[in-house]
Every structure is written in C-alpha cells, then in structure tokens.
1. For the stretch 63-97, enumerate the residues that are closer than 12 Å to V24 by Cα and either in contact with a helix residue (DSSP H, G or I) (Cβ under 9 Å, 6 or more places away or on another chain) or of a type in the set (A, V, I, L, M, F, W, C) (or both).
2. Any idea which of (1) open to solvent by 70 Å² or more (accessible area, probe 1.4 Å); (2) over 13 Å from the mean Cα position of the chain (by Cα); (3) not β-branched (V, I, T) is the one E49 doesn't satisfy?
3. Select from the stretch 6-28 the residues that are among the hydrophobic types (A, V, I, L, M, F, W, C) and part of a strand (DSSP E or B) and write down the one among them that is modelled with the lowest pLDDT.
4. Can you pull out the residues in the stretch 41-55 that are outside any helix (DSSP H, G or I) and touching a Lys or Arg at 6+ places or on another chain (Cβ under 7 Å)?
5. Could you list all residues from the stretch 56-106 that are part of a helix (DSSP H, G or I), open to solvent by 60 Å² or more (accessible area, probe 1.4 Å) and over 20 Å from T6 (Cα atoms)?
Amino acid sequence: MIVSTTENVAGHQTAETLGQVFGVVVRSRGLSGNIIASLRTIIGGEIKEYTALVEDTRRQAVDRLVMNARLMGADAVVMMRFDSGSIGQTMNEVVAYGTAVRLVRA
C-alpha cells in the first residue's frame with residue numbers, strides 16, 4: 001500500500017476518495033525505562049529510551065493506519081500525518097491519520 005504525505009501520488013490519479021483513516025497507539029515505558037530516562041535528564045542530551053519508544057509507536061500507528069485503510073478497500077493513503085501527545089506522565093499517544101483512496105495509473 002502506498003502511504004504518502006502528499007495529496008497526489010506521482011504517476012497516479014485518485015479514482016475514489018473513501019474517507020478519513022487513522023491508526024492510534026498509546027504506549028508507556030516500563031518503570032525501569034522511566035527511571036533510566038529520568039536519570040538521563042540530569043546529564044542532558046538525547047533520551048534514547050524515549051526516542052525508541054516514539055519511533056516504535058509511530059511504526060505501529062502506520063501499520064494500524066494501513067490495516068484500517070485496507071479494511072475500507074483502499075490501495076493508498078494520502079496526506080498522511082502524525083499527531084502525538086502525552087497522557088499523564090508515563091504514557092505517549094501517537095495517531096497516524098490521512099485520507100484513504102483508490103488510485104489508477106495516470
């Protein structure tokens with residue numbers, strides 16, 4: 001499946017717009033990961049535990065987006081974006097969203 005951050009996909013035309021589609025993931029680091037990350041804030045620099053958490057969560061959100069788009073009968077998602085936020089002090093929410101479409105070769 002094509003997932004694009006642009007409105008159009010090169011070499012294709014949108015034959016049908018199926019509607020909005022999204023993938024949502026809420027994750028939390030374990031207690032030990034939070035402790036290590038908290039200690040890293042004292043030293044400064046990249047907090048690798050949280051970087052890995054956000055990267056993995058984004059990948060999982062895109063996977064869910066693709067799954068939901070397939071269920072709608074789409075063969076592409078255009079205008080894909082991410083939104084994220086925290087829930088409480090230990091949870092991270094990531095949403096991948098876009099427009100599910102059917103494409104034809106131009």
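The values are calculated or read from the model by the stated rules, or taken from the named source; none is laboratory data. Owing to the predicted nature of the structure, the values given are computational and were not obtained by experimental measurement. Neighbour counts run over all protein chains shown; Cβ positions are idealised from the backbone, glycine included. Just so you know, the surface numbers come from the protein's heavy atoms only, side chains and all, with ligands and any DNA or RNA stripped out. Shrake-Rupley method; radii C 1.70, N 1.55, O 1.52, S 1.80 Å.
1. Correct list: L65, V66, M67, F82, S84, N92, E93, V94, V95, A96, Y97.
2. Only one criterion is unmet by E49, namely (1).
3. Taking the candidates together, the pick is V26.
4. The answer is I47, and nothing else.
5. The answer is D56, Q60, L71.
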